[in-house]
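Bear in mind these aren't lab numbers, they're just calculated from the coordinates by the rules spelled out. Keep in mind the model is a prediction, meaning the values are calculated, not measured. Note that each Cβ is placed from the backbone with ideal geometry, even for glycine, and that neighbours are counted across all protein chains shown.
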Amino acid sequence: MKITFLGTGTSQGIPIIGSKHPVCLSEDSKDKRLRVSVLVEWDSYTYVVDCGPDFRQQMLRAGSEKIDGIIFTHEHSDHVLGFDDIRPFYFRQGDIPIYAHKRVLKALKKRFDYVFKTKNKYPGAPTVITNRIKNKPFNLRTLTVVPIKGKHHELQVFGFKFGDFAYLTDMKTVKDKEIDKIKNVKILVVNALRIEPHQSHFNLEEALNFIKKVNPETAYLTHISHLLGFHKEVEKSLPKNVFLAYDGLQINI
Ligand SMILES: [Zn+2]
């Protein structure tokens, strides 16, 4: 299985438009973060988790020619706003499968109503095949994916375990019985927004405590804000098996 980090930034990305914060002005390419998303590839299959506002740029950068589906964690803008840019894939491949909680499907239908129209549909609009995810394992081709439920402030969000790889973003609280699903996983990715606490995201300390509970072989932090600090400096302060993810990072599992 190959994982590609398409984006590792929080909702505004780094740099933030117009910001003079030193991290936003950093010339280190690892301090430049598009909105959060990962590509998960195995056998000949390619799935993407979330498609935020940078989706087009991310697909171009990754050189992706086809996708087998999009899996959504939740409906916030930084996770869905690239939905219209599935069109090149749709034109080449036909209807694109999407996987999401019923509430997320409803939100997508509201925002992108033209995609879901069945009558008088605009000719250039893409079509999708909707698959509803509940909090139980589901199959993607040759793999069984396990959803992990968490809370993003009050909002339910899903993380996902693909074999030895667990990807959780936008988490603030996760119950022990959900953590049990990913205990001792080989690779864990989890959100760590900044140093200071935040109402809907793990800060660094909470993310590190979460990692301790899960006890993965290796962990990567994502959904990072400029307020976490410079990539190089933050990484020096982390435990041995914990790293900051960065855009373009690839892991083979
Ligand atoms: Zn987010």
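See the values below:
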| quantity | calculated |
| --- | --- |
| Subset of the stretch 166-207 that is within 13 Å of Leu221 (Cα to Cα), assigned to a helix (DSSP H, G or I) and acidic (Asp, Glu) - its residue that is nearest to the ligand (Cβ to nearest atom) | Glu206 |
| Residues within the stretch 1-34 that are away from the ligand (no atom under 16 Å from the Cβ), surrounded by fewer than 17 Cβ atoms within 10 Å (Cβ to Cβ) and of a type in the set (Val, Ile, Thr), tallied | 1 |
| Residue identified as in contact (Cβ under 8 Å) with a residue 12 or more places away in the chain and closer than 22 Å to Ser225 by Cα among Arg111, Arg33, Arg87, Arg103 | Arg33 |
| Among the residues listed as Lys213, Lys186, the single one being over 28 Å from Leu60 (Cα atoms), surrounded by fewer than 15 Cβ atoms within 10 Å (Cβ to Cβ) and touching a Pro at 6+ places or on another chain (Cβ under 9 Å) | Lys186 |
| Residue in the stretch 21-30 that is within 30 Å of Leu105 (Cβ to Cβ) and more than 18 Å from the chain's Cα centre (by Cα) present | no |
| Residues of the stretch 27-40 that turn out to be part of a loop (DSSP other than H, G, I, E, B) and among the charged types (D, E, K, R), as a count | 3 |
| The stretch 136-161 - residue that is in contact (Cβ under 8 Å) with a residue 60 or more places away in the chain and over 13 Å from the mean Cα position of the chain (by Cα) and, of those, nearest to the ligand (Cβ to nearest atom) | His152 |
| Residue ranges of strands (runs of 3 or more DSSP E) in the stretch 41-116 with at least 1 members aliphatic (A, V, I, L, M), more than 16 Å from the ligand (Cβ to nearest atom) and crowded, with 18+ Cβ neighbours inside 10 Å | 96-100 |
